[in-house]
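Contents: one structure, followed by commentary.
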Amino acid sequence: MTQDRILVLDFGGQYNQLIARRVRECNVYCEVVPYKKAMQRIREVTPQGIIFTGGPNSVYDPQSPQIDPEVFSMGIPILGICYGCQLIAHNLGGRVTAATDSSAREYGKTETYFDTNCRLFRGLPEKSVTWMSHGDYMEKVPDGFRLAAHSDACPTVAICDESRGLYGVQFHPEVNHTAYGAAMIHNFLYEVCGVHGDWTMRDFCKETIASLRETIGEKGRVLLALSGGVDSSVLAALLGEAIGHRLTCVFVDHGLMRLDEGDEVEAAFAKWDVNFVRVNAEDRFLGKLAGVEDPQTKRKIIGAEFGYVFRDEADRFGITQEDFLAQGTIYPDVIESGEGDADVIKSHHNRLLPPQVIARFKGVLEPLRLLFKDEVRELGRELGLPEYLVSRQPFPGPGLAIRILGDVTKEKADTLRQADFIFRDEVAKAGLEKQMSQYFAVLTNARSVGVMGDGRTYGYTIALRSVTTTDFMTADWTRIPYEVLDRVSVRIVNEVPHINRIVYDITSKPPATVEWE
Ligand code: XMP
């Protein structure tokens with residue numbers, strides 16, 4: 001078990017888990033702790049270092065989240081990011097004010113100048129781009145601190161008191177837009193906190209298995225909601241390690257899978273020594289979705305129906321109220337569903353279980369809920385899952401329902417399945433799969449006029465979507481070669497009835513999302 005431990009104190013920022021992830025990338029164990037529980041946890045574990053996150057408040061507002069000033073005299077190094085930086089200044093005799101002068105308020109990519117004698121910036125260029133997002137600024141630097149970075153607009157971009165191990169930055173080193181952000185976090189951990197860097201995904205795996213065993217108990221059973229995708233398959237392997245045959249994997253085929261996918265999932269799991277159950281529920285799901293056009297309503301119906309199927313299957317297999325339900329929820333599902341203080345982008349289906357379904361079980365286990373997709377894949381490899389399963393492109397729980405804009409019917413699902421298959425087939429033939437993180441077809445509700453064999457057509461438009469990303473929180477559209485797009489287009493209009501137009505989606509995330517609904 002690793003000795004190093006970093007605590008990330010959560011002051012309500014959007015990127016808190018991204019900070020934790022950057023720390024894990026440096027092979028250091030890390031926990032995110034709500035600011036209210038900070039002092040208790042710091043005393044319990046005596047971390048090697050503490051990171052204060054950003055947050056939406058102003059430190060001089062009496063209602064804003066605060067920290068016991070004792071934290072500054074415990075001899076533990078602290079890195080404050082944005083709000084966290086202002087909190088350090090506010091507590092230690094500096095002054096933070098609203099940047100009424102728009103020149104000191106900064107947003108977006110900003111050229112920044114660094115003092116590379118400061119340990120945080122050691123070994124890095126003297127000038128590079130950082131990502132700013134702050135409306136307040138430090139008018140007066142706290143006593144004992146010196147300036148360690150500035151921009152053209154703001155003289156106080158970073159401060160440090162190296163004798164006490166206290167550092168503050170106004171920008172966000174955790175986001176990719178800050179050119180050397182990951183290196184700065186690495187410097188904080190290794191140069192300032194003196195960590196050993198011995199934490200690995202293997203540790204996470206061992207610790208998670210141990211804690212699952214403890215939660216589930218000697219006799220407890222688990223019903224796993226299995227979609228056959230990366231997340232739930234990795235969770236199946238993890239739970240299999242933890243409790244063996246007390247695990248039952250329920251795969252619900254809602255009739256909105258890709259071409260032949262239900263059979264493929266069944267075949268893949270037939271090779272494993274696990275209790276696997278396939279439930280064919282196409283009529284049940286399509287019946288509930290009939291005539292529903294609104295994306296959030298579709299998501300809610302599907303999320304709830306999944307829950308009811310799991311409840312029915314639990315009854316059928318004698319899984320009691322002392323047993324658990326498990327889901328392969330990952331971090332983007334949680335954050336984009338608007339939990340905590342973040343905005344709802346879209347409710348991911350696994351956040352929509354009806355309360356009576358949740359109450360049916362002793363608890364809902366989501367051991368992957370703090371991991372990003374690429375970390376889940378790494379965990380899958382650690383557990384010895386085959387590469388084809390671990391590196392599969394993601395497929396959303398609500399399936400084709402959120403790729404058919406407007407109301408969903410079996411005919412539309414069949415049409416989309418064919419078009420989507422052709423796209424995937426041509427990508428595979430061109431050997432492009434590895435460059436594309438996720439790619440699929442969307443059946444838009446748009447119809448347009450075309451001409452085929454001298455006759456007028458009035459058919460549907462298929463949109464092709466492909467993105468390249470690691471964490472799925474941000475994504476860029478893939479530059480697919482024109483020849484490949486051309487082959488896909490020709491094949492779809494020739495082979496799939498009712499389709500007479502193909503478009504390619506060239507928006508990144510943000511401002512778009514990966515899925516269209
Ligand atoms: P968005 O569209 O939110 O997609 O940019 C990000 C990633 O999440 C997947 N996604 C889902 N996965 N249940 C899931 O299991 C859902 O409800 C859901 N909605 C989106 C999407 O396919 C992409 O990989």
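The values are calculated or read from the model by the stated rules, or taken from the named source; none is laboratory data. These numbers were taken from a predicted model, which means no experiment stands behind them. In this analysis, Cβ positions are derived from the backbone assuming ideal geometry, glycine residues included, and neighbour counts consider all displayed protein chains. Side chains are part of the model used for accessible areas, which takes the heavy atoms of the whole protein and leaves out ligands, DNA and RNA. Shrake-Rupley method; radii C 1.70, N 1.55, O 1.52, S 1.80 Å.
Of the residues Lys206, Lys298, ranked by 1.4 Å probe accessible area with the largest first, the sequence reads Lys206, Lys298. Solvent exposure of the stretch 201-390, expressed per residue, is 42 Å² of accessible area, with all protein chains present and a 1.4 angstrom probe. Look at the dipole of the stretch 159-209 built from charges on Cβ: of Cys193, Cys205, Asn176, the Cα furthest out on the positive end belongs to Cys205. For the stretch 6-192, a crude dipole built from +1 on the beta carbon of Lys and Arg and -1 on the beta carbon of Asp and Glu, taken about the Cα centre, is about 340 debye to the nearest 20.
A 1.4 Å probe run over the stretch 6-192, with the rest of the protein chains in place, finds 40 Å² accessible per residue. The residues of the stretch 403-504 have, on average, 48 Å² of accessible surface per residue, using a 1.4 Å probe with all protein chains present.
Taking every C-alpha pair closer than 8 Å and separated by at least 6 residues, the mean separation divided by the residue count of the stretch 403-504 gives a relative contact order of 29 percent. Going by a ≥ b ≥ c, the root eigenvalues of the Cα gyration tensor, does the stretch 201-390 fall in the rounded group (a/c under 1.5), the prolate group (a/b larger than b/c) or the oblate group? Verdict is rounded for the stretch 201-390. Of the solvent-accessible surface of the stretch 403-504, computed with a 1.4 Å probe over protein heavy atoms with every protein chain present, carbon and sulfur atoms account for 53 percent.
Residue ranges 444-452, 301-309 sort as 301-309, 444-452 when ordered by packing (mean number of other C-beta atoms within 10 Å per residue, highest first). Relative contact order for the chain: 10 percent, from Cα pairs under 8 Å spaced at least 6 residues apart, divided by residue count. In the context of the full protein assembly, Asp294 retains an accessible surface of approximately 70 Å², using a probe radius of 1.4 Å and ignoring ligands and nucleic acids.
Between amide H atoms placed 1.01 Å from N, distances below 5 Å from Ala326 occur with Leu223, Leu224, Ala225, Leu365, all of them 5 or more places distant or on a separate chain. When Val490, Val274, Val234 are compared by accessible area of protein heavy atoms, the largest-first order is Val490, Val274, Val234, using a 1.4 Å probe.
Taking the three principal axes of the alpha carbon atoms in the stretch 36-112, the coordinate ranges are 43, 29, 21 Å, sorted in descending order.
For the pair the stretch 135-150 / the stretch 449-472, the C-alpha centres are spaced 54 Å from each other. When the listed pairs Lys300/Lys412; Lys219/Lys373; Lys36/Lys219 are checked against a 24 Å cut-off, the alpha-carbon distance exceeds it for Lys219/Lys373; Lys36/Lys219.
Looking at the square roots a ≥ b ≥ c of the eigenvalues of the Cα gyration tensor of the stretch 6-192, which shape do they give, rounded for a/c under 1.5, prolate if a/b is larger than b/c, or oblate? Judged from the Cα gyration tensor, the stretch 6-192 comes out rounded (a/c under 1.5). Working from the Cα coordinates of the chain, the gyration tensor eigenvalues give, after taking √(5λ), semi-axes of 44, 30, 20 Å in decreasing order. This model, with +1 at the C-beta of Lys and Arg and -1 at the C-beta of Asp and Glu, gives the stretch 223-286 a dipole about its Cα centre of some 240 debye. By accessible area, using a 1.4 Å probe on protein heavy atoms only, the stretch 1-160 has 46% of its surface on carbon and sulfur. Farthest towards the positive end of the charge dipole of the chain, among the residues Leu371, Thr130, Leu405, is the Cα of Leu405, using unit charges on the Cβ of Lys, Arg, Asp and Glu.
Taking all protein chains as they are arranged and a probe of 1.4 Å, the heavy atoms of Lys373 leave approximately 20 Å² accessible to solvent. What you get for the chain, charging only the Cβ of Lys and Arg (+1) and of Asp and Glu (-1), is a dipole of about 300 debye around the Cα centre. In summary, the helical segments of the chain meeting the span-like criteria, namely a full DSSP H run, a Cα extent along the axis of 18 angstrom or more and a mean Kyte-Doolittle hydropathy of at least -1.0, are 201-216, 230-243, 295-316, 410-429, 482-495.
In the complete set of protein chains, residue-level accessible area for Arg381 is approximately 110 Å², probe 1.4 angstrom. Taking a ≥ b ≥ c as the square roots of the eigenvalues of the Cα gyration tensor, an a/c ratio of 1.5 or more together with a/b no larger than b/c marks the stretch 323-436 as oblate. Relative protection proxy for 471-478, 500-507, from highest mean packing down: 471-478, 500-507 (other beta-carbon atoms within 10 angstrom).
Residue by residue, the stretch 156-172 carries 3J(HN,Hα) couplings of 10, 7, 8, 10, 8, 10, 5, 5, 9, x, 10, 9, x, 10, 7, 8, 10 Hz when phi is fed to the Karplus relation 6.51 cos²θ - 1.76 cosθ + 1.60 (θ = phi - 60°); x denotes Gly or Pro.
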